[in-house]
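The values are calculated or read from the model by the stated rules, or taken from the named source; none is laboratory data. For clarity, every value in this text was computed on a predicted model and none was experimentally measured. All Cβ positions, even for glycine, are placed from backbone atoms using ideal geometry, and neighbour counts span all protein chains on display.
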Amino acid sequence: MSVAGSRENLVLKFLETAVENISDGVIAVDDRGVVTVFNTSAEKITGLRCSQVRGLNIAELSGSSALLKALYGDGGAVRGQVLNLGDRPVGVTRIPVKVGKKESGMLIIFQAAGKMRRTDAKKARQESPSHGLVAKFRFSDIIGKSAMIEEAVRECRKYARSEAAVLITGESGTGKELFAQSLHNESSRRDGPFVAVNCAALPENLLESELFGYEEGAFTGARRGGKQGLFTLAHGGTIFLDEIGDLSLGLQARLLRVLQEKEVMPVGGQRLIPVDVRVLSATNRNISSLVDEGKFRADLYYRLNVLNLHIPPLRTRLEDVPALFRYFFERLAGPGRLEALNITESLLENLKKYMWPGNIRELEGFVERYVALGEENTRTHATFHGLLNKLIGYEVPVKKPNGDHIVIELGNMMDMERQILAQVSGMITGGKGEMARVLGVSRTTLWKKLKELDIHIPNKDQIG
């Protein structure tokens, strides 16, 4: 064998080894469509063996394999196309191979979307001026030990293991975005971007261009070269659509198409951009009622509400208020200041006299005012009581869980039962025995219900 021939064989051997050891699936077909290369990664992704396909025409093989049919498509060139095949999204690139001017076959390179997602997301963050699209909060940042908030956290952790859309409901100021960021940071998309947008903060035409992007010249004032939309920036990660109930019907139709097709059409554009994004949405409105009134599309509601997470208002978990006060105070005033001002647990118990209609956001504002004014007297805490009394004096009327009355939010039966048990447990001074008596059920029934709802109530007696 000549030196040239030996070198050529060495190069071919090197290329074969390289193709066999890369993590992407590689299929090569000749000018007749016959499969000549089918590497190990292609076997793993498709579930087919090289011996089953090599030497056969790929068009004929497509008849027995939906994945091969999708990978080959129409045989034309594509780059970075996302194929959604059941629960296995796959990214594919097809490159025609030419020797001189003659077309000699095609190279098909593909990979599972999880790997593609991480790669593309990292590249997007490096290249994009909006590289700060990250979620700051985690579940450890959620303050509270009440049964209701612990149940919400447990439920949200379960949702982090899924890829399904989540609709987060709750009043303004309850911390819906805090839960959304925590969910993202515990999901498989944690290395991807987290993009948050308030759907009520922008007019319809501006929100459309922000969500989906626009091409150069799409409208007067459009940026030269166009602009990436938030869905494109969120590729490989999570997009959080806050105040989704305020979205116009026109934008609802566009959003529905994006969720169904997993493709975005920029304003003024002619090309579809594939996106791999998990959608979290939030609202303080009753979307079901909006559907009945014709103000929200039912099909979009069902797409967004695959998983539902409700964040309880602060008035239903008043036992968490002292801990929240301490958290905000130490964050603003610094560690050790609570002790320096003689702020005790008994003092913080006074915060439960107010129902906090503005929820955690209102409580945070109260702490900011207190820190800004400073405490006049560390023995009587005149400033603290003055601010709190002013709040109570101007309190927005809400039904209070006092005496023999509790207030629950309308929801499914399990949610309402959970609210009842959580509030009653905070009102009684005895243990589960007294709780069972107040509710008019046996101790066994109460124990079973607490276990069913996974509610943990500290024992104040020897029952249960």
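Going by what's in this entry, would ALA282 be described as farther than 30 Å from VAL424 by Cβ and under 23 Å from the mean Cα position of the chain (by Cα)?
On the way: farther than 30 Å from VAL424 by Cβ: no; under 23 Å from the mean Cα position of the chain (by Cα): yes.
No, not satisfied.
Only one of GLY411, GLY433, GLY365 is modelled with pLDDT under 75, surrounded by 13 or more Cβ atoms within 10 Å (Cβ to Cβ) and not assigned by TED's automatic domain parsing to the domain that holds ILE149; which? Break it down into steps so the answer makes sense when it comes.
Numbers: GLY433 fails: modelled with pLDDT under 75; GLY365 fails: modelled with pLDDT under 75.
Result: GLY411 is the single residue among GLY411, GLY433, GLY365 that is modelled with pLDDT under 75, surrounded by 13 or more Cβ atoms within 10 Å (Cβ to Cβ) and not assigned by TED's automatic domain parsing to the domain that holds ILE149.
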Problem set entry | Residue in segment 158-210 that is surrounded by the most Cβ atoms within 10 Å (Cβ to Cβ), counting only those that are under 19 Å from LEU304 (Cα atoms) and among the acidic types (Asp, Glu) | GLU208
Exercise. Could we say that LEU314 is closer than 21 Å to GLN419 by Cβ and touching a residue at least 12 places away in the same chain (Cβ under 8 Å) here?
Worked result: yes
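Of the residues that make up segment 116-124, is at least one of a type outside the set (Lys, Arg), in contact with a Gly (Cβ under 9 Å, 6 or more places away or on another chain), surrounded by fewer than 17 Cβ atoms within 10 Å (Cβ to Cβ) and at pLDDT below 90?
Step one: list which residues in segment 116-124 are of a type outside the set (Lys, Arg), which gives 116, 119-121, 124.
Within this subset, residues satisfying the condition of being in contact with a Gly (Cβ under 9 Å, 6 or more places away or on another chain) are 116, 119-121, 124.
From the residues that got through so far, the ones that are surrounded by fewer than 17 Cβ atoms within 10 Å (Cβ to Cβ) too are 119.
Next cut, at pLDDT below 90 only: 119.
Taking every residue of segment 116-124 in turn, at least one turns out to be of a type outside the set (Lys, Arg), in contact with a Gly (Cβ under 9 Å, 6 or more places away or on another chain), surrounded by fewer than 17 Cβ atoms within 10 Å (Cβ to Cβ) and at pLDDT below 90.
Which one is farthest from VAL90 (Cα to Cα) among residues in segment 34-59 that are part of a loop (DSSP other than H, G, I, E, B) and of a type in the set (D, E, K, R)?
If we filter segment 34-59 for residues that are part of a loop (DSSP other than H, G, I, E, B), which is where we start, we get 39, 47-49, 54-56.
Still in the list and also of a type in the set (D, E, K, R): 49, 54.
Numbers: ARG49: 18, ARG54: 22 Å.
So the residue we want is ARG54.
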